[in-house]
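Down below is the structure, laid out as structure tokens.
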Amino acid sequence: MLGDSSKPSGRTNIRQKAAADREAIYTTIVEAIRSGDFAEGSKLPTERELSEQFGAARNSVRQALDTLVREGAVSRQVGRGTFVTGRAATDRRPTPLGMNLSLQEILEVRVLLEPQIANLVVERADDSHFAAMDRCLDGIRDARDWSEYKEWKYELHLTMMRATGNRFLVQIFEAIIRSRREDQWGRAGDNGIIPDDVRAATLRANEQIVEALRTGRTDEASQGIRRYLNEILASVHGI
């Protein structure tokens, strides 16, 4: 459970790592197929190569590939390897969840959902996730206009979702981002300059969240996420 703070056993840690590895391998391959990095007919890395790339047990790699085979995203050819069918790029795309929703509706969902992911992030995130979060913070710091600034803010919180290793959470947040883009981020003049105090407040809040996650302070991270989103929601209400 998200709220379970009991210390896991060594056996539990092994199971959790195996589950996280399976999710990471599965998600990476699906996203690569969707983006075109793995085109239809292309050959995937071998099980050994994937095992080395992800630092995962061969069994975890095999289970992730088995799922992709069952879903029709890839096919195995004995003696040749595993090949992309091309169907993952369309068949597994989530439905247009979140379209035509107001910023207030989306923020209300985020306030309910995002503070609860801190436990999973602390449990499953690795150095690559935190390096990605740091890049997002740099992006917020260096953004030249509102549009770029908003993209980096959403990418930061999407990275946190990815660090949970839970594909459904990632899909929900991707739907949120699509909805905001469809609404052109809800602000006219996205080429304008970001006020220094606004940028500083965003950086301060999110740096504290990332540092709390990095150092395993789950409650502090959860509270920071809730406080950050509530402040945005309050600004929408004009409070």
(request) Could you check segment 95-182 for helices (runs of 4 or more DSSP H) lying wholly inside it with 3 or more residues that are farther than 26 Å from Phe54 by Cα and without any contact (Cβ under 8 Å) to a residue 60 or more places away in the chain? (result) 103-113, 146-163
(message) Suppose the filter is under 21 Å from Leu120 (Cα atoms), surrounded by 15 or more Cβ atoms within 10 Å (Cβ to Cβ) and modelled with pLDDT of 90 or more; does Phe54 pass it?
(response) yes
(request) Output the residue which, of all residues in segment 140-155 that are over 15 Å from the mean Cα position of the chain (by Cα) and either closer than 19 Å to Gly224 by Cβ or assigned by TED's automatic domain parsing to the domain that holds Asp21 (or both), is surrounded by the fewest Cβ atoms within 10 Å (Cβ to Cβ). (result) Arg141
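Name the residue, out of Leu158, Leu203, Leu213, that is farther than 15 Å from Ile106 by Cβ and either outside the structural domain of Leu107 (by TED's automatic domain parsing) or buried (at least 17 other Cβ atoms within 10 Å of the Cβ) (or both).
Leu213 is the lone residue from the list that is farther than 15 Å from Ile106 by Cβ and either outside the structural domain of Leu107 (by TED's automatic domain parsing) or buried (at least 17 other Cβ atoms within 10 Å of the Cβ) (or both).
The values are calculated or read from the model by the stated rules, or taken from the named source; none is laboratory data. Remember, predicted model here, so these are calculated numbers, not experimental data. We place every Cβ from the backbone using ideal geometry, glycine too, and count neighbours over all the protein chains shown.
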